[in-house]
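I have placed the structure first, in the form of structure tokens, so that the comments after it can refer back to it.
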Amino acid sequence: MNNYEALWTFQTEDIKADQIANEIMRSPTRQRLEKSRDFIVEKQKEYKELEETISAMADRKDILVHAVEREEAQLSSLQNTYETNPPQDQESLHELIRSVSQCRDTLRQYEAEIAHIVSDTNANDKKLRSVWLETAKAKHNFDQLKVDYNNESRAKKEELEQQKNRVAALQASVDPDLLERYQVIKKHISPPVARLIHGQCAGCNTSLPSATLSKIKNGSLVECETCGRLIIQ
């Protein structure tokens, strides 16, 4: 068997291995399994983001609670000042009233923000539980799909392993330089080798120039200018 025929035989078995691998990859059960996995990853990310949001709101609430305590202490101090040492003039009275009013406004703002945080936290807690339940259900479904897929693909994987062994056995009969060119071209187009049929590249059905045909007939290995495949007779 010459080098080109050895390459062609190798390609025939190599493509068969690719076809079996593609059948495994395109399995509807595998696609559902991957979709389920992606859903779980998405939900885990959502769960983590919710936890971080709830934690940040809890920190903000703690800050506001301390701020409320300080404002209440300030208000109490102002009221105590008014009772124990009343303002002696109109200007001092207005300044005290202004300070009390400002303190009460600040308290109302803090309390309103706390109430908003509590409401948002309750909503996020509810959503967190919902996401947890969705994730748990998805994990159960994923585990079952994985069992189904493993059972379904076991025979195909054994077939693929046998086919890969045949390919490996044939690889030794192919010239290493040819094999390297084959692998490079295969990264871009498959199959990487095409027959010359009626003056055309059988890979893309392009008619070849006479000069190229002469090279092929003289035993040279050329690449199709249109599709890039190696062309053999």
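The length gained by stretching the chain between R195 and N150 to full extension, at 0.36 nm per residue less their Cα-Cα distance, is 12.4 nm.
Evaluate the Debye formula for the chain with equal point scatterers sitting on the alpha carbons, no solvent, and hand back log10 of I(q)/I(0) at q = 0.10 Å⁻¹, in q order, two decimals. Here the Debye-derived log intensity ratios amount to -0.75. Place +1 on the Cβ of every Lys and Arg and -1 on the Cβ of every Asp and Glu in segment 1-79, take the dipole about the Cα centre, and give the residue among A21, S55, V65 whose Cα lies farthest towards its positive end. Value: A21. Take the Cα of M25, step 7 Å toward its Cβ, do the same at V41, and the gap between the two points is 1.6 nm. Taking each DSSP H run with n ≥ 4 as -39500 (n - 2.57) and averaging over every residue of the chain yields -28500 deg cm²/dmol at 222 nm. Treating r as the C-beta distance of Q79 and T53 and R0 as 25 Å, the FRET efficiency rounds to 0.05.
Provide the per residue accessible area, probe 1.4 Å, for segment 138-233, rounded to a whole number of square angstrom. Show your work: numbers first, answer last.
Numbers: 5980 Å² over 96 residues.
Here the residues of segment 138-233 average 62 Å² of exposed surface.
Label separation (K61 vs D120): 1.2 nm, computed from points 7 Å beyond Cα along the C-beta direction.
When the listed pairs K186/K215; K126/K146; K164/K215; K187/K217 are checked against a 25 Å cut-off, the alpha-carbon distance exceeds it for K126/K146; K164/K215; K187/K217. Counting only protein heavy atoms and a probe of 1.4 Å, the accessible surface of segment 1-137 is 50% carbon and sulfur. Accessible surface area normalised per residue over segment 30-120 is 72 Å², counting heavy atoms of protein chains with a 1.4 Å rolling probe. Leaving ligands, DNA and RNA out of it, report the carbon-plus-sulfur percent of the accessible area of segment 169-215 at a 1.4 Å probe. The nonpolar share, carbon plus sulfur, comes to 54 percent.
The values are calculated or read from the model by the stated rules, or taken from the named source; none is laboratory data. The model shown is predicted, which means the values in this text are computed figures rather than measured ones. Here the Cβ is made from the backbone with ideal geometry for all residues, glycine too, and neighbour counts use every protein chain on show. All accessible areas refer to the heavy atoms of the entire protein, side chains included, with ligands and DNA or RNA removed. Shrake-Rupley method; radii C 1.70, N 1.55, O 1.52, S 1.80 Å.
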